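Engineer: I am attaching a structure below and will ask some questions about it afterwards.
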Amino acid sequence: MTSGLKKVFIRQIKDTKSRFISILLIVALGVGFFVGVKAASPSMKYSANKFFEANNLMDYKIMSDYGFQDDDIRSLEELKGVMQVMPSYSADLLVNTGGANNVVRVQAVPESSYGKQPINELNVVEGRLPEKSGECVVESNSNTSVKYEIGDTIELLSPSDDKEITDVVKTSTFKVVGFIESPQYIAFDKGITQVGDGSILNYMMISADDFAYSRYTEVFLCVNTPKKYESSFEDDYKSYIADYSSKLSSLGVDRVEVNKEAILTQAQKQIDAARKEIDFQKADAQADLDDGKKQIQEAEATIAEKEQEITDGEAQIKASEEQLAASEAQVADGWNQIVAGEEQLNEGINEYNAGVDQYNAAYFEYMAQREAGEAQLNQAQAQLDTYGPLISGLQSIIDNGGVLSSVLQSQFDSYITQYNDAVAQVDAGRQMIADADYQIAAAKEQLDSSAAQIQAAQNEINIQKDNLTAAEQQIADGKVQLEQSKVQIVEGKVQIEEAKKQLADSKAQLEEGQKEFDTQFTLAEDELNQKSNDLKNISNGKWYIFTRDDNPGYTSFAEDATRINGIASVFPLFFFIVAALVCLTTMTRMVEEERTQIGTFKALGYENKTIAAKYFFYAFLAAITGSILGIVVGLLILPKTIFHSYDAMYKLPIFAVKISIPVIIIAVVCALLCTCTVAYLVAYRELKLNPATLMRPKAPKQGKRILLEKIPFIWNKMNFSSKVTTRNIFRYKARFIMTVLGVAGCTALILAAYGLKDSISVVVPKQYGEIFTYDTMMNLKYEGTLDEKKSLKDAIDIDKRVKSSMMIKQSLMNGSKANDDKEVQIRLFVPESLDKFKDYVHLLDKDSESDIELTDDNVVITEKLAKLLNLSVGDTITVGDDAGITVDLKISSIVENYVYNYVYLSRKMYEEKFGEDLKLNTALLKLTKDGKAHEDEVAKDWLKKNDILVVTSTSYVISSFEDIISSLNSVVVLMIICAAALAFVVLYNLTNINVAERMREIATIKVLGFTEKESANYVYRENIVLSVIGIAVGLVMGIFLSNYIVSTIEMDIVMFGRSIHGISFIYAAAFTLVFTLLVNVSMYGKLNNISMVESLKSVE
């Protein structure tokens, strides 16, 4: 290329920088998305493999029916190809977390041997490894829902009642000293176990010395794999491992035989020791029986003595009761007498009081009369005193011989008579007063005597009361003593009854002991004899050889990476094709636009190859720059983003991008082919013409009538602008096809991304809203028949928070098509009753979505299981468990299901096919409104029951699956963003080309008087119509693309939906239409800046 041409080349890039940048960006998007997404799956596997190599992940894990001894380990170390051997211990135990008994896998901390790195070396995230007994490290908190802190104490529980925890570990309590990451467990799913509900919550590691086993439980191996195997995910590595497994199996057969002999010898020693022990225990037990008989005889004599004492005591109590009764009668009589005496005393007091009142009245009356009498007596005495001297004078006169006159004599006689009468009256009055005084004194004396008698009677009554009160106290004390004696008698009787009961129990125990003695020692001897016979007929055990593929986290991670690769095989390819087509169109149009310049260069004498090189290098520079930008950005962002979108499911501490040179070369070569080659070929096609022809515009194609013009009914009603737009759209068929395909491709990509999101999001509401309608599932600790679980069932039904319940059997088993080796893990589901079943599980036909009824005669399987095993109605599925029991079931119906693979059987069908009674292990609950509001309390309360192992609410399951599905949603969002970006760039590029090649046409309509808005609409209408057509085509394409991607990335245990929501069609169309409008807006300035003069004279 000459210097002049170089200047033109540089000026061309400057003048067409928007086109150059658009080509660069569309190449960058196509290459970046293709390389980035294609690198995601290899990077995921590469990162995992680096972690496995850094931590020396085992190639094999071997387990044995007999365990392992040091000789087994030495044999493995001597096996050719074995690089490293590490024996270890493990056990699945229970730990109580949050009120629930969950399964925890307890393993020994990996230890180095011969100075080599330990197999399955741990990454210590925080803290340290155990240094002494009773210390442990647990899974990092970021990997599990169970959160511990350093210093916490974990108490391990035995998973079964017939085994003590100390049979497994020497101490049951461990202190957390650190958090770890293990290459064995990169997923939250730790696999399944026969303990608990079959799922492992988390893992912990302790010192090997803390295990109580006498033999190793497992052995880890690393073998010398060929260096050519860069990754353990490669099929060649897996083939090598599978081939090497035969060597291990052969060694296992020999070692098992050796172990068998050692076990036989050891077992025979144990049998002999057991016989001696039995004989010793037999003699010891017989001595205990004899001692028991003697104790029973002594107890009988003691009871007889106690009974006699009770009889004597009862007689004494009876006599005391009679005596107390007599005393009570006497006291009662005494009280009666006191009452009578008090009544008499009260009467006497009343009479006394009445007498006192009479005495007082009479006394006062007497005193008044006495005073009056004395006054009269005094008056009479005065009269006597008056008459006395007169009479004495008269008497002396008479005595002296005097004679009185008749008058005086008469008066004297009268005086004598009156005097005598007065004297008599005075004497009589004095006598009366004396008599009255006597009577008063006598009455007074009588009253005083009565008062003394009353006081004496009162004193006597008080004394009698005190005596009776004392007697009553004595009686009360006697009664208390009597009651105490009765209580003692009752207690004595109770003690005697208890003693009799104990004696009876002792006799029963003695008899039972005798029977047990006879039975157990007979059984023990029979068992020993049976064991001796069994030793002679013992079957060979086997080694169970597991590879990395048997690790659920390892396998599921590889499957998820493969699914991403499936997306990368379709979505980026389609993405890249759209980008490539647009690049091809862009370069073709660019060369055709510059045919005048090509003619000028040719006329100036430039060689064809030199002229073509100009366009080649233009395309090359845009393509290579875009490719580099896309490769760098794509590899830096997309693989890491997709990798971390699975953080909810996996935890890998290492991420590294695996750069695939072939993919990069393919992407870059395709980008160059779609740009450079097209530019070069189109340039050479134009260069075949002579300069004069090239310097003239290409003759327009002959005008043709379009189909719509032949329909006058429509065409004649269209306005001028609509007719022009319609002609332009269908006139340039290449532009029409490329624009429609470009827009359709972008729309299809956006719809496919939304469709994938819809297909994923439908899983949870469908499964746990329409199919499973229960609220809570309780896993029982022990299986049992319906009769055995009746008490638990009744307890559940009387819980006010539970609306209804149904017991079921749910078991993890393996399913396969008859005569086919492919196996799929299934869940056998057997309800206690068909009447209740439809209230908890709603079965819908996979095609018609009509209701399917589970009956005693049909077998129902789920849709995903049917697809995995290529089953249809009428085929036979073989169902088996780990014990080797298999049954064949003829399929009656296939139903819609999204999570896990189920086989539904009735109780009758199960018992007929498996030949055993149905043993239930799960309870399904429907909760009331209050129960749903307090699910945690319901779970906590029921976990306190001995028969309940795990309680899982539907809301918790929904939350768990949403975490899993969110990983894919992150990828979907990334796809939507990239598809949207591509849509914008494609539309911009196509519109830019459309405007560039129609500059003269737009300038012409401007000259004809079109306004700026009308000129812009002239172009916009075509873009919008073409976009609408492209959107319609893209929506149809998107349906097929979405279904293909969904079927590619599905997991074995999950089936995604196959429907796309109506809103997703709207979103896809709206995104594309919005980008169309944005592109139109961005082109407005360019359309306005078109110079009418320059454009119209460009030909000259």
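Read-outs throughout are calculated quantities, based only on the coordinates presented, and are distinct from any laboratory measurement. Because the structure is predicted, anything quoted here is derived from the model rather than measured. Neighbour counts are summed over all protein chains in view; Cβ atoms, including those assigned to glycine, are modelled from backbone coordinates with ideal geometry.
Engineer: Could you run the Debye sum over the Cα atoms of the stretch 633-702, one equal point scatterer each and no solvent, and tell me log10 of I(q)/I(0) at q = 0.16, 0.21, 0.25, 0.29 Å⁻¹, two decimals?
Structural biologist: For the stretch 633-702, the Cα-only Debye profile gives -0.76, -0.97, -1.10, -1.21.
Engineer: Just the number: Rg to Rh for the stretch 88-136, Cα atoms, Kirkwood Rh, two decimals. Please list the in-between numbers first.
Structural biologist: Details: Rg = 13.6 Å, Rh = 13.1 Å.
Radius of gyration relative to Kirkwood radius: 1.04.
Engineer: Within the stretch 173-188, list the residues whose amide N lies under 12 Å from a label point set 7 Å along Cα→Cβ of E149.
Structural biologist: Answer for the stretch 173-188: none.
Engineer: Translational diffusion coefficient of the stretch 912-957 at 37 °C, 0.692 mPa s, Stokes-Einstein with Kirkwood Rh over Cα pairs, in µm²/s as a whole number.
Structural biologist: Working: Rh = 12.6 Å.
Stokes-Einstein gives a translational diffusion coefficient of 261 µm²/s.
Engineer: Run through all the Cα pairs of the chain and give the fraction in each 20 Å bin from 0, expressed as whole percent.
Structural biologist: Values per bin, smallest distances first: 8, 23, 21, 15, 9, 6, 6, 5, 4, 2, 1, 0.
Engineer: Can you list the lysines whose alpha carbon sits under 24 Å from that of K132, skipping same-chain ones fewer than 8 residues off?
Structural biologist: Reachable lysines: K116, K147, K170, K175.
Engineer: Further, regarding this structure: Rounded if a/c is under 1.5, else prolate if a/b is larger than b/c, else oblate: which is the stretch 804-950, with a ≥ b ≥ c the root eigenvalues of its Cα gyration tensor? Working shown, then result.
Structural biologist: Numbers: a/c = 1.99, a/b = 1.56, b/c = 1.27.
Since a/c reaches 1.5 and a/b is larger than b/c, the shape of the stretch 804-950 is classed as prolate.
Engineer: Could you give the nm distance between label points at E559 and V339, where each point is 7 Å from its Cα heading toward the beta carbon?
Structural biologist: 9.9
Engineer: Turning to a different aspect of this structure: Just name one of F211, T625, Y898: the one whose Cα is farthest towards the positive end of the charge dipole of the chain (beta-carbon charges, Lys/Arg +1, Asp/Glu -1).
Structural biologist: Towards the positive end, the residue furthest out is T625.
Engineer: Given +1 on the Cβ of Lys and Arg, -1 on the Cβ of Asp and Glu, and no further charges, what dipole in debye does the chain carry about its Cα centre, rounded to the nearest 20?
Structural biologist: Values: 111 positive and 149 negative charges, 3515 e Å.
Approximately 16880 debye in magnitude.
Engineer: Okay, next question. Hey, with R₀ at 25 Å, roughly what FRET efficiency would N378 and A441 work out to, going by the Cβ-Cβ distance, to 0.05? Can you show the working numbers first?
Structural biologist: Details: r = 23 Å, r/R0 = 0.91.
Efficiency at R0 = 25 Å is approximately 0.65.
Engineer: Under a point spin-label approximation (7 Å from Cα along Cα-to-Cβ), what is the S239-L528 distance to one decimal in nm?
Structural biologist: The modelled label-to-label distance comes out at 5.9 nm.
Engineer: OK, next. For K38, list the lysines whose Cα falls under 28 Å from its own Cα; do not include residues on the same chain fewer than 8 positions away.
Structural biologist: K50, K227, K228, K238, K640, K651, K658, K757, K864, K867
Engineer: Now, a different point. For labels at S848 and N1088 in the simple 7 Å Cα→Cβ model, what's the distance in nm?
Structural biologist: Rounded to a tenth, the inter-label distance reads 6.5 nm.
Engineer: Please sort by residue number the chymotrypsin sites (Phe, Trp or Tyr not before Pro) in the stretch 65-150 whose DSSP state is loop and whose Cβ has at most 16 other Cβ atoms within 10 Å.
Structural biologist: Values: sites: Y66, F68, Y89, Y114, Y148; in loops: Y66, Y89, Y114, Y148.
Within the stretch 65-150, the qualifying chymotrypsin sites (Phe, Trp or Tyr not before Pro) (loop, at most 16 other Cβ atoms within 10 Å) are Y114.
Engineer: If you take the charge dipole of the chain about its Cα centre, with +1 on Lys and Arg Cβ and -1 on Asp and Glu Cβ, which of I489, T1048, G334 is farthest toward its positive end?
Structural biologist: T1048
Engineer: What value in Å³ per residue do you get for the convex hull of the alpha-carbon atoms in the stretch 1-138?
Structural biologist: Numbers: hull volume 42.6 nm³, N = 138.
So the per-residue Cα hull volume is 309 Å³.
Engineer: Could you give each residue of the stretch 1003-1008 its phi-based ³J(HN,Hα) in whole Hz, using Karplus coefficients 6.51, -1.76, 1.60 with θ = phi - 60°, and x for Gly or Pro?
Structural biologist: Each residue of the stretch 1003-1008 in turn: 5, 4, 5, 5, 4, 6 Hz.
Engineer: Could I ask something else about it? Please report M432, M778, M367 as a ranked list, fewest other C-beta atoms within 10 angstrom at the top and most at the bottom.
Structural biologist: Values: M432 15, M778 25, M367 12.
The order, fewest Cβ neighbours first, is M367, M432, M778.
Engineer: With r defined as the distance between the Cβ atoms of T600 and V1028 and R0 fixed at 41 Å, what FRET efficiency is calculated, to the nearest 0.05? If you can, show how the numbers build up before the last one.
Structural biologist: Numbers: r = 40 Å, r/R0 = 0.98.
The calculated FRET efficiency here is 0.55.
Engineer: Which order results if L1008, L927, L581, L1077 are arranged by neighbouring Cβ count within 10 Å, fewest first? The partial results should precede the final answer.
Structural biologist: Values: L1008 10, L927 22, L581 19, L1077 15.
Ordered from fewest to most neighbouring Cβ atoms within 10 Å, L1008, L927, L581, L1077 come out as L1008, L1077, L581, L927.
Engineer: Across the stretch 909-1021, what fraction of all alpha-carbon pairs, as a whole percent, falls in each successive 10 Å bin from zero upward?
Structural biologist: Calculated over all Cα pairs of the stretch 909-1021, the distribution is 10, 18, 14, 13, 10, 9, 10, 10, 5, 1 percent.
Engineer: Between S833 and S892, take the C-beta separation as r, use R0 = 22 Å, and let me know the FRET efficiency to the nearest 0.05.
Structural biologist: Details: r = 19 Å, r/R0 = 0.87.
Between S833 and S892 the formula returns 0.70.
Engineer: Could you put F557, F1010 in order, starting from the residue whose Cβ has the fewest other Cβ atoms within 10 Å? Spell out each step's value before the answer.
Structural biologist: Details: F557 22, F1010 16.
Listed from fewest to most nearby Cβ atoms, that is F1010, F557.
Engineer: In addition: Per residue, what volume in Å³ does the convex hull of the Cα atoms of the stretch 714-831 enclose? Numbers along the way, then the final one.
Structural biologist: On the way: hull volume 35.0 nm³, N = 118.
Spread over its residues, the Cα hull of the stretch 714-831 gives 296 Å³ apiece.
Engineer: Can I ask one more? Reported to two decimal places, what Rg/Rh ratio describes the stretch 299-350 when computed on Cα atoms with Rh from the Kirkwood expression?
Structural biologist: 1.54
Engineer: Report, in deg cm²/dmol and to the nearest 500, the calculated mean residue ellipticity at 222 nm for the chain, where each DSSP H run with n ≥ 4 adds -39500 (n - 2.57) and the sum is divided by the residue count.
Structural biologist: Values: 25 runs with 682 residues, N = 1100.
Calculated from helices alone, the mean residue ellipticity at 222 nm is -22000 deg cm²/dmol.
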